[in-house]
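Comments concern the structure below.
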Amino acid sequence: MARAFTPKVVTANALLEGDAVWLTEDNQWTRDIAKAELITDEAHGDLRLLEAQARADEISGAYLADAKPGTDGPEPTHFREAFRTRGPSNYHHGKQAE
């Protein structure tokens, strides 16, 4: 039996800066997962992923990541994605400097 589809967000890395980015409903890349489009339909998720992968001049490594609805928007459900929301961890810069 196939597993039920769980909510997802489209995520990738910004090509120039390397930051983790998420795709919004209006096709923008954001560095804030809470502003990402939460996808609840598998076919829509597949389509959004294909659209993101076609933007290779902006991002690299696009994929669908599990997420859940939160009070302010989508939230990660896996530690890897939670880690990516905080930015690089080798020293304080980017998101961690704030």
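The values are calculated or read from the model by the stated rules, or taken from the named source; none is laboratory data. Just so you know, these numbers come straight off a predicted model, no measurement behind them. Backbone-built Cβ (ideal geometry, glycine too); neighbour counts: all protein chains shown. Heavy atoms of the whole protein, side chains included, go into the accessibility calculation; ligands, DNA and RNA do not. Shrake-Rupley method; radii C 1.70, N 1.55, O 1.52, S 1.80 Å.
In table form, for the structure just shown:
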{"item": "Inter-probe distance in nm under a simple model that places probes 7 Å from Cα toward Cβ, at Ala34 and Asp72", "result": "0.2 nm"}
{"item": "Virtual spin-label span in nm between Thr24 and Glu51, 7 Å along Cα→Cβ", "result": "1.4 nm"}
{"item": "Taking the chain and dividing mean pair separation by its residue count, relative contact order in percent (alpha carbons under 8 Å, at least six apart)", "result": "29 percent"}
{"item": "Accessible area, probe 1.4 Å, largest first, for residues Glu37, Glu25", "result": "Glu25, Glu37"}
{"item": "Heavy-atom accessible surface of the chain: percent carbon and sulfur, 1.4 Å", "result": "53 percent"}
{"item": "MRE, 222 nm, helices only [DSSP H, n ≥ 4, -39500 (n - 2.57), over the chain, to nearest 500]", "result": "-5500 deg cm²/dmol"}
{"item": "Dipole moment magnitude, nearest 20 debye, the chain about Cα centre, only Lys, Arg, Asp, Glu C-beta charged", "result": "380 debye"}
{"item": "Under DSSP loop assignment and at most 13 Cβ neighbours within 10 Å, longest trypsin sites (Lys or Arg not before Pro)-free interval of the chain", "result": "4-85"}
{"item": "Candidate residues Thr85, Thr40, Thr30, Thr77: accessible-area rank, largest first, probe 1.4 Å", "result": "Thr40, Thr77, Thr85, Thr30"}
{"item": "Tail beyond 21 Å, pair distance distribution of the stretch 8-90 (Cα, percent)", "result": "20 percent"}
